[in-house]
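See below for the structure under consideration.
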Amino acid sequence: MTSLNGVAPYQARRTFAIISHPDAGKTTLTEKLLLSGGAIRAAGQVRARGERRRARSDWMKIEQERGISVSSSVMTFERRGIVYNLLDTPGHEDFSEDTYRTLTAVDAAIMVIDAAKGIETQTRKLFEVCRLRDIPLITFVNKIDREGRHALELLDEVQEVLALDVSPQTWPVGMGSDFFGVYDWQKKKFHTSAGERGGAYTQTKDVSGLDDEILTGTVFDRVLNELEENVELGAEGYAEFDRESFLEGHLTPVFFGSALRDYGIEELLDFIAEFAPPPHSQPATGGRTIMPGEDKVTGFVFKVQANMDPKHRDRIAFLRLCSGTFRRGMKLKHVRAGKQIAVTAPIFFFAEEREIADLAYPGDVIGVPNHGQLRVGDTLTEGENIHVTGLPAFAPEILRRVRLADTMRVKQMRQGLQDLAEEGLVQIFKPDLGSNWIVGVVGALQLDVVVDRLNAEYGTEIGFETVPYTTARWIETDSQTLQKMIEGHRMSIANDRDDKPVFLFKNAWEIGHVTEKYPDVKFRETREIVYEA
Ligand code: G4P
């Protein structure tokens, strides 16, 4: 990996994710970004590689059958001295928890919108997470080679629905059957076809303005008139780009383009290189803020994935580096376990392959193979006893009691559930009364994955029974009150996998009732995954 002259390598890192509603074009845009970084040879490989990987693993059949991608991964590519780490987020809403955690590891996000559809439900949900975390957001309005909604209407929708300032950076030059390309009104560049109008071979031409012959000589008059009107209205009606405001998450620059036909991609990448933030500081326990320029290595695990290589039962922990220069073979302190681990075979993920990571910098994500020691939320340091904070666990929306087909396999089942809980796939609750564990998930699809994986990896057949509970809340109180609550509501109290107490609620009425009865107790919908240092 190269670095910019005289600049610390981390400053040349851009770590980001793409959020979108399914079908808006996230996969296509990902491919094109990787292509422009020279990371893959031909478009179609992201998908093809995904299919090969999925085909290899039994439990991932679910993904195949349902045509969704459950696993997130990381893709690194380099372009003009900037290293881009693109973290993939699953689009299916059942796996939102995984997505939320991935978003804790990025410094910016691209929101892809279908020009014909505007803001859709999933886009909105994911946007809310970005807003909670003040993640700078770049908007890419895709599919302008097709008939879509009017550019101004789309900008207004983003502005109103998401309550964000919008700042158009490029404009579509026609859409659908009138499509000619993209116009960068600030840099005065016309991104157009190099051959047949609207075709996939594109070129960027410098123009002196909208009356330049390059435009007037090729673009239909009515299209040019509309473009002129857009540029004029846009300059008056929308915010000027302000980097501070963008970095604080109050303003989104908007790009128009066609991922399929390669319009608007270069502009997007140039913008990310110039304005998207390098790795930010990271809050940690004890009021500590980890700065990317610090000498010592720190990093946190935001995701654990099993079965990436079917030949091994190993798991890969995805470690986002927050500070220091990581060198292969380093011994790092696994703070929760209080143990040193030697990271001898760290992995970088490229589009086509994985590679051993010899050196990595803040903003980079490395895969750390392990046998289950590393969990989501774990921190690795060069000795300091701190934990990175801010990784959420969410109250489950579906709770089920586990039913075991063969009672002799209780041990394997518990091990399996514990492992899957550590990956962050499922939450487990051990009731105060009774020995059958209850599992909690945010989306129903996760339950199918649990059944399949316990069967395939732990040789254990399980089913689920309904329980009278609909959700759980983490209990925050002193031990005396907790004891009183346990005595009064033995059936409803359980411990999560870290032995934190939770209250299993039957319905919204009960939440209200119990909350009123115990005014000093806090019932939390999310729990930050923080291990005591
Ligand atoms: P996703 O990952 O967000 O779910 O979307 P994906 O990229 O898979 O794109 C969804 C569909 O939209 C695909 O068509 C893709 O080719 C098409 N698409 C993506 N970007 C553009 C664009 O800029 N213009 C146009 N016209 N279409 C675009 P499909 O028919 O569902 O799949 P495929 O047969 O093309 O693979």
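The values are calculated or read from the model by the stated rules, or taken from the named source; none is laboratory data. Remember, it's a predicted structure, so these values are computed and weren't measured experimentally. Neighbour counts are summed over all protein chains in view; Cβ atoms, including those assigned to glycine, are modelled from backbone coordinates with ideal geometry. Side chains included, ligands, DNA and RNA excluded: accessible areas come from the protein's heavy atoms. Shrake-Rupley method; radii C 1.70, N 1.55, O 1.52, S 1.80 Å.
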Would you work out if the range 342-455 is rounded, prolate or oblate? Take a ≥ b ≥ c from the square roots of the eigenvalues of the alpha-carbon gyration tensor; rounded if a/c is under 1.5, else prolate when a/b is larger than b/c, oblate otherwise. prolate
Sorting Arg79, Arg149, Arg222, Arg414 by accessible area (1.4 Å probe), largest first, what list results? Arg222, Arg414, Arg149, Arg79
Treating only Lys and Arg (+1) and Asp and Glu (-1) as charged, each at its beta carbon, one finds that the chain has a dipole about its Cα centre, in Debye to the nearest 20, of 2600
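FRET efficiency for Asp23 and Thr325, Cβ-Cβ distance as r, R0 = 41 Å, nearest 0.05?
It comes to 0.50.
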Fully extended contour minus Cα-Cα distance, from Glu244 to Gln418, at 0.36 nm per residue: 58.3 nm
Simple SL model, points at 7 angstrom along Cα→Cβ for Asn385 and Lys339; separation in nm is 1.9
So, in nm, how far is label Asp358 from label Lys205 when the simple model puts each one 7 Å beyond its Cα toward the Cβ? 4.6
Distance in nm between pseudo-label sites at Lys117 and Thr285 (7 Å out along the Cβ direction from Cα): 4.3
Taking the alpha-carbon centre of each part, the distance from the range 224-258 to the range 331-398 in Å is 39
With a 1.4 Å probe and every protein chain left in place, work out the accessible area per residue of the range 392-528 in Å², rounded to a whole number. 48
On the accessible surface of the chain, probed at 1.4 Å, how many percent belong to carbon and sulfur atoms? 46
Tell me, what is the FRET efficiency for Val161 and Gln186 to the nearest 0.05, using R0 = 22 angstrom and their Cβ-Cβ distance as r? 0.30
Taking 0.36 nm per residue of sequence separation and subtracting the Cα-Cα distance, how much length would be gained by fully extending the chain between Asp478 and Asn436, in nm to one decimal? 12.4 nm
In whole angstrom, note down how far apart the Cα centers of the range 183-199 and the range 440-471 are. 51
What share of Cα pairs, in percent, lie more than 46 angstrom apart in the chain? 18
Asp88 accessible area, 1.4 Å probe, all protein chains in place, Å² to nearest 10: 40
Residue-wise, which Karplus ³J(HN,Hα) couplings in Hz belong to the range 276-289, taking 6.51 cos²θ - 1.76 cosθ + 1.60, θ = phi - 60°, and x for glycine or proline? 5, x, x, x, 8, 6, 10, x, 9, 4, x, x, 7, 10
Please work out how much accessible surface Phe77 shows to a 1.4 Å probe, ignoring ligands, DNA and RNA, in Å² rounded to 10. 0
With no solvent and one equal point scatterer placed on each C-alpha of the range 282-381, evaluate the Debye formula and give log10 I(q)/I(0) for q = 0.11, 0.21, 0.24 Å⁻¹, two decimals. -0.30, -1.10, -1.42
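Take every Cα pair under 8 Å in the chain that's 6+ residues apart, average their separations, divide by the length, and report that relative contact order as a whole percent.
13
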